[in-house]
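The values are calculated or read from the model by the stated rules, or taken from the named source; none is laboratory data. The structure presented is a predicted model; accordingly, all values stated were derived computationally and were not measured. Heads up, the Cβs are rebuilt from the backbone with ideal geometry, glycines too, and the neighbour counts pull from every protein chain shown. Surface areas here come from the heavy atoms of the whole protein model, side chains and all, with no ligands, DNA or RNA. Shrake-Rupley method; radii C 1.70, N 1.55, O 1.52, S 1.80 Å.
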Amino acid sequence: MKLAIIKYNAGNIRSVLNALERLGAEAEVTDEPEALRRADKVIFPGVGEASTAMASLRQNGLDGVLRSLTQPVLGICVGMQLLCAHSEENDTEALGIVPVRVRRFLPADALLKVPQVGWNRLFNLRSPLFAGIDEGSYVYNVHSYYAEDSPYTIAHCEYGLTYAAAVHKDNFYGVQFHTEKSAATGDRIIQNFLQL
Amino acid sequence: MLAKRIIPCLDIKDGRTVKGTNFVNLRDAGDPVALAAEYARQGADELVFLDITATVEKRKTLAALVHEVAHTINIPFTVGGGIRSTEDVSALLAAGADKISVNTAAFDNPGLVSDIARMAGSQCVVLAIDTRLEDDGEWYVYLQGGRKKTDVRCFDWARQAVDLGAGEILLTSMNHDGTKTGFALDITRRLSDALPVPVIASGGGGTMDHFADAFTKGAADAALAASVFHFGEISIPDLKAYLKEQGVEVRL
């Protein structure tokens, strides 16, 4: 199987690659449109600020390439947010693949810290991406923005409100949490993606 | 709700863990990678590697170690100790570290906090503070591993660092560190209640009750300890089961 990771200015490409290596999968990190189109699966990582990440994609023409992909694509963290329509982070027009808005956590509860940093639980799992994962499993999160709940939600998470911990539309999947840093649960989700 | 985090800390010198461990199933207890993997397997939520290597030359072994850890464990880890510049940070992040902990260098040059936050995001910057309660009833910042006192109050420096972009505070009470008499609940709670970022309690954890207190009375988001874990006085699975019984949310 040919696995490609989209090369742009995302901060967690290395850790996604490490996770794949731990699981015995090899991946090519590339920004070549042809290599991305040829791959059987594509991972779209992301750590950082949405508008900068989006600008980096546009500069390399990767926004159009991403939209045109037909094989399974997995967006992680900011990668997932950029699959959505719009992010409140610096008022960013995202890729618009999943018609969902990304909003900032507004801590009405003083105890709610932003960014959300740490292990939180997944609920209402409904996708082959979560095969073998129990309801209430913990995954590792680091983020200040979240995708709104919608018909495209395939997992919920609670942090002051209910938001989409994962989304799915057609061949595009996105997870808000860092599946590459989420212990055995995260490893299983990556394996599930590789088997889609 | 977020789970409260349990974080073992490994002291590293010249690429080896300094304090011994009594993990009988580890062939080489000084190997930080084997130790890290064992903690991850036991359910540690995160790891901290604190490099206490003296010389710049020998620090190169740190990046190699970080690289190996990143290829082995599947939970987040922080690297700290002697980090002075964004170049130091870049090298460690490239090797696979998730977060960077800064202490003395950040106090001497607060711009380092904002520089790292701008380069890698606030979630990457853990500000470590060593603090001591003085006779005047105030907690003060100490530098250089606790050897140098400053006139700056812990609370003031923590707030300034958060304003500069620190994403977490790793708070070590020198009054409690090594005593196994419990964490410094008052200053931990004060920071946690006032600051919009997670606070990691460190120093003094000796019993499972101490950890429960850090989370309930101290309002800590995470608790860090070294020797009680290394010497098997408290096992992480037992600790987490106990915390759950006490009504503390933990990842089991």
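Data for the structure
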{"item": "Loop-located trypsin sites (Lys or Arg not before Pro) in the range B:104-158 whose Cβ has at most 15 other Cβ within 10 Å (DSSP)", "result": "B:R147"}
{"item": "Value of D in µm² per second that Stokes-Einstein yields for chain B, Kirkwood Rh from Cα pairs, at 20 °C (1.002 mPa s)", "result": "119 µm²/s"}
{"item": "Relative contact order, percent, the range A:102-196 [alpha-carbon distance under 8 Å, six or more residues apart]", "result": "28 percent"}
{"item": "Sum of side-chain charges, A:R104 neighbourhood, beta-carbon under 13 Å (Lys, Arg +1; Asp, Glu -1)", "result": "-3"}
{"item": "Other protein chain Cβ atoms within 10 Å, averaged over every residue that makes up A:88-98", "result": "0"}
{"item": "The range A:92-137: trypsin sites (Lys or Arg not before Pro) in DSSP loop, at most 15 other beta carbons within 10 Å", "result": "A:R126"}
{"item": "Heavy-atom accessible area, 1.4 Å probe, ligands and nucleic acids excluded: residues of the range A:147-171 down by at least 20 Å² from chain alone", "result": "A:Y159"}
{"item": "Rounded to the nearest 10 Å², the accessible area of B:T78 at probe 1.4 Å", "result": "0 Å²"}
{"item": "Listed residue (B:A94, B:Q144, B:A166) projecting farthest to the positive dipole end of the protein assembly as shown, Cβ model", "result": "B:A94"}
{"item": "For chain B, size of Cβ-based charge dipole, Lys and Arg +1, Asp and Glu -1, in debye", "result": "320 debye"}
{"item": "Size of charge dipole - the range A:3-194 - debye, nearest 20, with Cβ of Lys, Arg +1 and Asp, Glu -1, no other charges", "result": "120 debye"}
{"item": "Ranked packing of B:68-75, A:156-163, most packed first, by mean Cβ within 10 Å", "result": "B:68-75, A:156-163"}
{"item": "Cα centroid separation, the range A:57-92 to the range B:198-230 (Å)", "result": "40 Å"}
{"item": "Exercise: per-residue mean of other protein chain Cβ atoms within 10 Å, B:63-76", "result": "4"}
{"item": "Net charge of neighbours whose Cβ lies under 11 Å from the Cβ of B:G80, counting Lys and Arg as +1 and Asp and Glu as -1", "result": "-2"}
{"item": "Gain in span if fully extended, A:T162 to A:R101, counting 0.36 nm per residue against the direct Cα distance", "result": "20.6 nm"}
{"item": "Whether the range A:34-93 is rounded, prolate or oblate, judged on the alpha carbon gyration tensor where a/c under 1.5 counts as rounded", "result": "prolate"}
{"item": "Chain B: antiparallel DSSP beta bridges as a percent of all, rounded to 5", "result": "20 percent"}
{"item": "Between the range A:146-196 and the range B:175-194, the alpha-carbon center distance in angstrom", "result": "36 Å"}
{"item": "Using distinct alpha-carbon pairs, which all enter the 1/r mean, Kirkwood radius of the range A:3-194 in Å", "result": "16.3 Å"}
{"item": "Dipole in debye (nearest 20) - the protein assembly as shown, about Cα centre, beta carbon charges: Lys, Arg +1; Asp, Glu -1", "result": "540 debye"}
{"item": "DSSP bridge pairs, the protein assembly as shown: antiparallel proportion in percent, nearest 5", "result": "40 percent"}
{"item": "Alpha carbon convex hull of the range B:58-109, projected area averaged over orientations, nm²", "result": "3.4 nm²"}
{"item": "Protein-only accessible surface order, largest first, of A:K41, B:K60, A:K169 at 1.4 Å", "result": "B:K60, A:K169, A:K41"}
{"item": "Inverse mean reciprocal Cα-Cα distance (Kirkwood Rh) of the range B:128-252, Å", "result": "14.7 Å"}
{"item": "Solution diffusion estimate, µm²/s, Stokes-Einstein, the protein assembly as shown, Kirkwood Rh from C-alpha pairs, 25 °C, viscosity 0.890 mPa s", "result": "111 µm²/s"}
{"item": "Lys/Arg +1, Asp/Glu -1 at C-beta; chain A dipole; positive extreme among A:A183, A:S68, A:T52", "result": "A:A183"}
{"item": "Theoretical ellipticity at 222 nm over the protein assembly as shown - DSSP helices of four or more residues, -39500 (n - 2.57) apiece, nearest 500", "result": "-9500 deg cm²/dmol"}
{"item": "Farthest toward positive dipole pole in the range B:5-245 [+1 Lys/Arg, -1 Asp/Glu at C-beta], among B:T61, B:A226, B:L47", "result": "B:T61"}
{"item": "Exposure of A:T179 as accessible area (Å², to 10), given a probe of 1.4 Å and all protein chains", "result": "0 Å²"}
{"item": "Accessible surface of the range B:5-245, 1.4 Å probe, proportion on carbon and sulfur as whole %", "result": "49 percent"}
{"item": "Considering only the range A:3-194, percent of DSSP beta bridges that pair antiparallel, nearest 5", "result": "60 percent"}
{"item": "Förster radius 41 Å - calculated FRET efficiency between B:T61 and B:T207, Cβ distance, rounded to 0.05", "result": "0.70"}
